[in-house]
Amino acid sequence: MAPKLSDSVEELRAAGNQSFRNGQYAEASALYERALRLLQARGSADPEEESVLYSNRAACYLKDGNCTDCIKDCTSALALVPFSIKPLLRRASAYEALEKYTLAYVDYKTVLQIDNSVASALEGINRITRALMDSLGPEWRLKLPPIPVVPVSAQKRWNSLPSENHKETPKNKSKETTKSRVPSAGDVERAKVLKEEGNELVKKGNHKKAIEKYSESLLFSSLESATYSNRALCHLVLKQYKEAVKDCTEALRLDGKNVKAFYRRAQAYKALKDYKSSLADISSLLQIEPRNGPAQKLRQEVNQNMN
């Protein structure tokens, strides 16, 4: 016989989490509901705790295919703590299951404003974009509801959370899921269009949005070296040096003579104070283009930093 739970919100939530892990979604939902009732009966404002409980119960509903109640609970969670990633992702999944693709797209895009490396949101955008192109045609973007602008405070709050809160949306997971298959001609064409949209955003100085476009492009086709080196440039501007190194490395895997990738990775290594690696990339670049002026200047700067 299971031990009787005390009237503790924390214990009820922990028990709900355990039931969820065991695949007992109805039982977990009931435990989260008890915790919610108890929390609300106290009359003390704890929006963070209440939001988590709504979001957790929404996850149970989603697992059981109850998309309507999942959406309601996610909306309640977001009313308490706006721009929380988990309820946004769960609501997007529910909208997608109900074929409400425009609403799903808005939620996935909102997540990517908060953290543009969330793998499940990138994959969701890939699926939804295909569905919207098929159902609404080339002008599908004009038929979307407004996408909310995420305040910087929400981004900072997410980035400051402990790592266990990121488990559902791993930041370091590979973002491109098409590497294992050969893209179709249609995929390649869509990838080119999205890359060009990214290039236009770079010209306008909107590097964060450009990263999203390049990431979408890579979901359709991850075989073009320039898309990675272009995204690396955006990471450099945003001082995301480790991400820039990763993108340049991928670009060079596809094209070992990508001069821009060598130069940008050298810049990123310099910023990370890995001067030896920076000089190695500059040397490789100068073997391809011996008279490359910016590379020669960068080599002088790195050598000065080493002295």
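The values are calculated or read from the model by the stated rules, or taken from the named source; none is laboratory data. Remember, it's a predicted structure, so these values are computed and weren't measured experimentally. In this analysis, Cβ positions are derived from the backbone assuming ideal geometry, glycine residues included, and neighbour counts consider all displayed protein chains. Quick note on the areas: whole protein, heavy atoms, side chains included, nothing else; ligands and nucleic acids left out. Shrake-Rupley method; radii C 1.70, N 1.55, O 1.52, S 1.80 Å.
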### Task
Give, rounded to the nearest 20 debye, the magnitude of the charge dipole that the stretch 96-150 has about its Cα centre when Lys and Arg contribute +1 at Cβ and Asp and Glu contribute -1 at Cβ.
120
### Query
Which of [x] 1.06; [y] 0.99; [z] 1.01 is the computed Rg/Rh (Cα atoms, Kirkwood Rh) for the structure on display?
[x]
### Query
Within the stretch 89-116, what residues put their amide N at less than 17 Å from the label point 7 Å along the Cα-to-Cβ vector of Val193?
102
### Query
Of the residues Glu212, Glu289, Glu49, which exhibits the maximal mean-square fluctuation in a Gaussian network model of the chain defined by a 10 Å Cα contact cut-off?
Glu289
### Query
Tell me, what is the FRET efficiency for Leu142 and Leu223 to the nearest 0.05, using R0 = 41 angstrom and their Cβ-Cβ distance as r?
0.85
### Query
By how many nm would the segment from Lys273 to Glu33 lengthen if fully extended, with 0.36 nm per residue of separation less the alpha-carbon distance?
81.2 nm
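With a 1.4 Å probe and all protein chains left in place, how much accessible area per residue does the stretch 199-307 have, in Å²?
Values: 5600 Å² over 109 residues.
Per residue, the stretch 199-307 has an accessible area of 51 Å².
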### Query
Roughly speaking, what is the stretch gain from Arg42 to Thr75, that is 0.36 nm per residue apart minus the C-alpha to C-alpha distance, in nm to one decimal?
9.7 nm
### From the C-alpha gyration tensor of the stretch 99-140, square roots of 5λ in Å
19, 9, 8
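If you put +1 on each Lys and Arg Cβ and -1 on each Asp and Glu Cβ, how big is the dipole of the stretch 51-145 around its Cα centre, in Debye rounded to 20?
Details: 12 positive and 10 negative charges, 20 e Å.
Using only the charged Cβ atoms, the result is roughly 100 debye.
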### Task
Extending each Cα 7 Å along its Cβ direction at Lys204 and Ala119, get the distance between those two points in nm, one decimal.
3.1
### Task
Give me the percent of the accessible area of the chain that comes from carbon and sulfur atoms, probe 1.4 Å, all protein chains in place.
52
### Summary
Most fluctuating of Lys257, Lys195, Lys213 in the GNM of the chain (C-alpha, under 10 Å) is Lys257
## Note on the structure
The helix 241-254 Cα axis meets the longest alpha-carbon principal axis of the chain at an angle in degrees, between 0 and 90 and rounded to 10, of 60
### Message
Under a crude label model (7 Å from the Cα following the beta-carbon direction), how far is Gln300 from Ala185 in nanometres?
### Response
5.1
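So what's the net charge close to Asn230: Lys and Arg +1, Asp and Glu -1, counting the other residues with Cβ under 10 Å from its Cβ? Spell out each step's value before the answer.
On the way: positive: Lys195, Lys213, Arg231, Lys260, Arg264; negative: Glu224, Asp247.
Value of the local net charge: +3.
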### Summary
Highest mean packing first, using Cβ neighbours within 10 angstrom, the peptides 132-141, 98-107 sort as 98-107, 132-141
### Query
About its Cα centre, what dipole magnitude does the chain give when the only charges are +1 on Lys and Arg Cβ and -1 on Asp and Glu Cβ, stated in debye to the nearest 20?
1080
#### Entry: Rounded to 10°, Cα long-axis angle of helix 185-203 versus longest principal axis of the chain
80
### Query
What residue among Ala295, Ala77, Ala185 has the largest mean-square fluctuation in a Gaussian network model of the chain, using Cα springs under 10 Å?
Ala185
### Query
Counting only residues 5 or more places away or on other chains, whose amide H sits under 5 Å from the amide H of Leu144 once H atoms are built in the peptide plane?
none
### Task
Round to the nearest 10 and give me the degree value, 0 to 90, for the angle of helix 225-237's Cα axis relative to the longest principal axis of the chain.
80
